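Notes to accompany the following structure.
The numbers here are math on the coordinates, done by the rules we state, and not lab data. Predicted model, so just to flag it, every value in this text is computed and none were measured. Ideal geometry is used to build each Cβ from the backbone, glycine not excepted, and the neighbour counts take in all protein chains shown.
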Amino acid sequence: MPSRQQAAAVNVRAAMRVAGAEFDLKDLARTIDGYSATFQMGMVTHVESGLDEAVVEDEPPTPALHELIRRVQAVFAGMT
């Protein structure tokens, strides 16, 4: 049985697939204030921290998780 962190990573990747994300989830770590996610596109990384556990753990992916993916897409789009 996967850990909560592993299950959350699977959930984030599922939301990324649905969104057609062109970046990868490099790391998802539990922190004192929720989760910290590191996304990578090529050599560029972007970190989102302080993510509520419910945002990344709830299945199926929540609207808040889809919003997170859209926000990260916008960050990477602004870098090109």
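Kindly establish whether residue 24 is in contact with a strand residue (DSSP E or B) (Cβ under 7 Å, 6 or more places away or on another chain) and either in contact (Cβ under 8 Å) with a residue 40 or more places away in the chain or of a type outside the set (Phe, Trp, Tyr) (or both). In short, yes. Number of residues in region 47-80 that are without any contact (Cβ under 8 Å) to a residue 12 or more places away in the chain, β-branched (Val, Ile, Thr) and within 15 Å of residue 13 (Cα to Cα): the value is 1.
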